[in-house]
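Engineer: Dropping the structure in here first, questions after.
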There are 2 protein chains.
Amino acid sequence: MPKKTPLISALLALGLSAAIAAPAKKPAAPAKPKKTSAELIAAAPDGDWRALDPGNTLLMELPAGPVLIELAPRFAPRHVANIRALARGGFWDGLAVLRVQDNFVAQWGDPDGDDAAKARPLGKAEAKIPAEFSVPLKGLPLTRLPDVDGWAPRSGFVDGFPVAADPKTGRAWLAHCYGMVGAGRGNEVDSSTGAELYAVIGHAPRGLDLNITVVGRVIKGIELLSSLPRGGSNMGFYDKPEQRLAIKQIRLLADMPEAERPALQILRTDSATWTQLLDARRHRGGWFVHSPAHTEICSAGVPSRPVPGSAAKPQ
Amino acid sequence: MPKKTPLISALLALGLSAAIAAPAKKPAAPAKPKKTSAELIAAAPDGDWRALDPGNTLLMELPAGPVLIELAPRFAPRHVANIRALARGGFWDGLAVLRVQDNFVAQWGDPDGDDAAKARPLGKAEAKIPAEFSVPLKGLPLTRLPDVDGWAPRSGFVDGFPVAADPKTGRAWLAHCYGMVGAGRGNEVDSSTGAELYAVIGHAPRGLDLNITVVGRVIKGIELLSSLPRGGSNMGFYDKPEQRLAIKQIRLLADMPEAERPALQILRTDSATWTQLLDARRHRGGWFVHSPAHTEICSAGVPSRPVPGSAAKPQ
C-alpha cells in the first residue's frame, strides 16, 4: 500500500489556504489564500530582522556542535553580568552537562560545586546576587498576545523572549517555554549565581515561573541538549561521572574574533512579520482541517536566518 | 564555593508546606502542611490504581528497551482495532523510527511504505478506515479540570488520557500532550491506518488537535524516543537509512505470555488521589515561593507503579 504522506510539520504546513475564521468558529466565506509561515519569513523586510548582540550572546561548544544562547539583561541584569564574567573567566570550560530529566530540563555547571575544596572559583563573578524573578511591567515594550494564557493574566514577547505579566501586581517575567535558560538555585531564592544553568527541554514547566531567575533562551542548537541520554532517578542527574557530557567551552560572542561569530539574525518580535506568523498559527490551512483560533507564547519559536550575504560560518 | 542545590524537580518538590491560596492570590492564613506528590502517591488506596488492559496495551521493543503504549479504544475504535491487527501480524517488527523532529514528534513505520513494490502488507488490518478526530462529549466520563485551557472551552481526563472538549459542538477529543501517540496521515483526513505512528516529544502541539487521529499514550519509556538523535531539515526525517532506529517488535500484551507482561498499575484519573495531585501542582510548597494557582491537562503525567507484590519484571 502507498505509505501515508508523513505527518506534516506544524512548522511547515501553516496557513496555505486557510479559510477558517477566528473565534466564532463558523464556516467562513472562502478567503484569499494566506501565506505560509515559510513565505512570510522569506518575505520579511530586512528591518524585521535584528543582529545578535555580541555582548549578550553565549556560544556553548558541545562535542556535537554549538549551542547559542541569547541573554536577557532587561530581565536579569545581575545574573547576566555574572554570566558574562563567568564566560570571560572560562568558568564552564571543561565542566559538564550534569543532569538531563526527560520532559523537563538539561542542566550544566560544576560537578564539584558542592565540595569547597574542589569547586571551581567564580573568578570575577559575584558569589551573592539578588533573585531576579520579575521586573516592573510598566514601561516594558511588551508585544501583547490577545490569546488567553491560563498561567498569567497577560502574555506576549519582549526582545524575542516569551513574557507573562500580571497588571494587578505590576510585574512581568520570562516564561518557562521550551528552550528557555534559567539559573539553578537552592532553597534560598537568592542562591543562584548563574554558574549553574538549565535549559527547558520539554513541555513548558510554567509552574517554575516566578520561582527562579530566567536568564535567556537557546536560539540555536537546543536539539544537542534535548537529545542527550536521560539521567537517573535522582531528578535526572547522571549517576556516574562518565555519563556527563563535557562542555568544551562557553564564550561570549563579544570575546570572539568577529569572523568566528555565528552570522545569524533573529526575527524581531515587535515586527509585523512576527504578528503575521502568530496569526498563521491561529488560522491554519493546507493540511489542517481545523484551526484552533488560538496560540500561546510557548507555542511558536522565533525564527532566525543567516545574515544576508554572509559566507556560511563554521559553527 | 558551595555548589547550588540543584533546581528541584517539578515532580518531586510539590506542595510540601503550601500556604498559598487559590485564584484570588491573596496571602492566605497559614494552612496545615500539605502532602507532597510522592506522599500522595504512596498513600493512594489500592482502589485508586487500575491494571493495564492487555488487549489495549502495546509493548514496543527498541534496542535501548521497552516503550509501553496504552491505546484509546473509546476515542479511536477503528484505529485501535487496526493497530491490534497490525501488532498481531508482526507488522512493525524490523521496521524503524523514521523521523525525530525536535520539540515535536518521533515517528515510526514502514520506510518503504511509499513504494508499492516494497511496502509491507497490512495483513488483517484494514487499508481504509474513517478519521477519528473526535467523539461525542455526551456520556463521556470526563473528570473535568476547573482551570482555563486556552485551546478548548473544556478539558479534563478520561481513562488516563488528557481530553479537550467543546460543549457548543458537543465533541471531545484527545489532546496532543507530551507522550501522546497519533496516527500519521496524508492530505486526506481518512488516509491514516495506524501503521505509521508518532509520539509527541516536545511542547504540546495542540494545534494538531482535531486534525489527526490520536490513538493512545506512552505510559513508560517515552525517554527512549525523546532522546533519539534529531533528523534532518525535512521535518526531522532521517536523511540516510542507517540513521533510522530499528524496532525489534511491537506486541499487544494480550499476545504475550502473562509472566512476560510488565506488571504495572496506572493511577485512575477519576480517583481522589489524582484530584489531590493536580491540586498539589496548583498550590506549591517547599522550594517554591510562588504558586501558579493553575494547572493544565498537558502539565501533569499520570503516575504508574509496579503491581504490589509482583516480582520486578525484566522490561
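The values are calculated or read from the model by the stated rules, or taken from the named source; none is laboratory data. From a predicted model like this one, the values you see are computed outputs, not experimental measurements. All Cβ positions, even for glycine, are placed from backbone atoms using ideal geometry, and neighbour counts span all protein chains on display.
Engineer: Just a yes or no: is a residue in region A:65-79 among the hydrophobic types (A, V, I, L, M, F, W, C), within 11 Å of another protein chain (Cβ to nearest Cβ) and out of contact with any Pro (no Cβ under 6 Å at 6 or more places or on another chain)?
Structural biologist: No: zero hits.
Engineer: For the condition touching a helix residue (DSSP H, G or I) at 6+ places or on another chain (Cβ under 6 Å), over 30 Å from residue A:182 (Cβ atoms) and modelled with pLDDT of 95 or more, what is the one hit in A:62, A:71, A:40?
Structural biologist: It is A:40.
Engineer: Scan region A:260-283 for residues that are surrounded by 20 or more Cβ atoms within 10 Å (Cβ to Cβ), under 30 Å from residue B:192 (Cα atoms) and in contact with a Lys or Arg (Cβ under 9 Å, 6 or more places away or on another chain) and jot them down.
Structural biologist: Across region A:260-283, the qualifying residues are A:280, A:283.
Engineer: Quick check, is residue A:150 at pLDDT 95 or above, more than 30 Å from residue B:178 (Cβ to Cβ) and out of contact with any helix residue (DSSP H, G or I) (no Cβ under 8 Å at 6 or more places or on another chain)?
Structural biologist: So residue A:150 does not fit the description; no.
Engineer: Checking the conditions here, which among A:68, A:95 is of a type outside the set (Phe, Trp, Tyr), out of contact with any Leu (no Cβ under 8 Å at 6 or more places or on another chain) and closer than 23 Å to residue A:201 by Cα?
Structural biologist: A:95
Engineer: Out of the residues in region A:101-146 that are within 8 Å of chain B (Cβ to nearest Cβ) and not in a loop (DSSP other than H, G, I, E, B), which is surrounded by the fewest Cβ atoms within 10 Å (Cβ to Cβ)?
Structural biologist: Filtering first and then ranking leaves A:107.
Engineer: So, one more: Go through region B:147-161 and report how many residues are in a strand (DSSP E or B) and among the small types (Gly, Ala, Ser).
Structural biologist: 2
Engineer: For residue B:141, only one of the following conditions fails: (1) over 18 Å from the mean Cα position of the chain (by Cα); (2) over 20 Å from residue B:80 (Cβ atoms). What is its number?
Structural biologist: (2)
Engineer: Okay, moving on. Considering only residues that are more than 26 Å from residue B:188 (Cα to Cα), touching a residue at least 60 places away in the same chain (Cβ under 8 Å), part of a loop (DSSP other than H, G, I, E, B) and hydrophobic (A, V, I, L, M, F, W, C), which ones fall in region A:264-315?
Structural biologist: A:297, A:298, A:302, A:307
Engineer: Moving on to the next point. I'm checking my understanding of the structure. Among residues of region A:72-81 that are part of a loop (DSSP other than H, G, I, E, B) and among the hydrophobic types (A, V, I, L, M, F, W, C), which one is nearest to residue A:248 (Cα to Cα)?
Structural biologist: Result: A:72.
Residues checked against (1) among the aromatic types (Phe, Trp, Tyr); (2) over 20 Å from residue A:219 (Cα atoms); (3) more than 19 Å from the chain's Cα centre (by Cα):
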position: A:79; (1), (2), (3): no, no, no
position: A:129; (1), (2), (3): no, yes, yes
position: A:148; (1), (2), (3): no, yes, yes
position: A:169; (1), (2), (3): no, yes, yes
position: A:172; (1), (2), (3): no, yes, no
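Engineer: Just need a number here: residues in region A:280-300 that are more than 21 Å from residue B:148 (Cα to Cα) and under 21 Å from the mean Cα position of the chain (by Cα).
Structural biologist: Of the residues in that region, 1 qualify.
Engineer: Keeping to region B:160-192, report how many residues are within 23 Å of residue B:106 (Cβ to Cβ) and more than 9 Å from chain A (Cβ to nearest Cβ).
Structural biologist: Matching residues across region B:160-192 total 11.
Engineer: Provide a single number: the residues in region B:112-133 that are in contact with a strand residue (DSSP E or B) (Cβ under 6 Å, 6 or more places away or on another chain) and modelled with pLDDT under 95.
Structural biologist: 0
Engineer: Looking at region B:210-241, which of the residues that are at the interface with chain A (Cβ under 7 Å from one of its Cβ atoms) and within 14 Å of the chain's Cα centre (by Cα) is nearest to residue B:134 (Cα to Cα)?
Structural biologist: B:222
Engineer: In region A:177-218, how many are touching a residue at least 60 places away in the same chain (Cβ under 8 Å) and in a loop (DSSP other than H, G, I, E, B)?
Structural biologist: Count: 18.
Engineer: For region A:91-100, which residues satisfy the criterion of being in a loop (DSSP other than H, G, I, E, B) and either surrounded by 15 or more Cβ atoms within 10 Å (Cβ to Cβ) or modelled with pLDDT under 95 (or both)?
Structural biologist: A:91, A:92, A:93, A:95
Engineer: Would you pick out the residues in region A:284-300 that are within 23 Å of residue A:158 (Cα to Cα) and more than 8 Å from chain B (Cβ to nearest Cβ)?
Structural biologist: Matches in region A:284-300: A:293, A:297, A:300.
Engineer: Which condition number does residue A:103 fail, the rest of (1) under 18 Å from the mean Cα position of the chain (by Cα); (2) on the phi < 0 side of the Ramachandran plot; (3) touching a residue at least 60 places away in the same chain (Cβ under 8 Å) being met?
Structural biologist: Tallying (1) under 18 Å from the mean Cα position of the chain (by Cα); (2) on the phi < 0 side of the Ramachandran plot; (3) touching a residue at least 60 places away in the same chain (Cβ under 8 Å), residue A:103 fails exactly one: (2).
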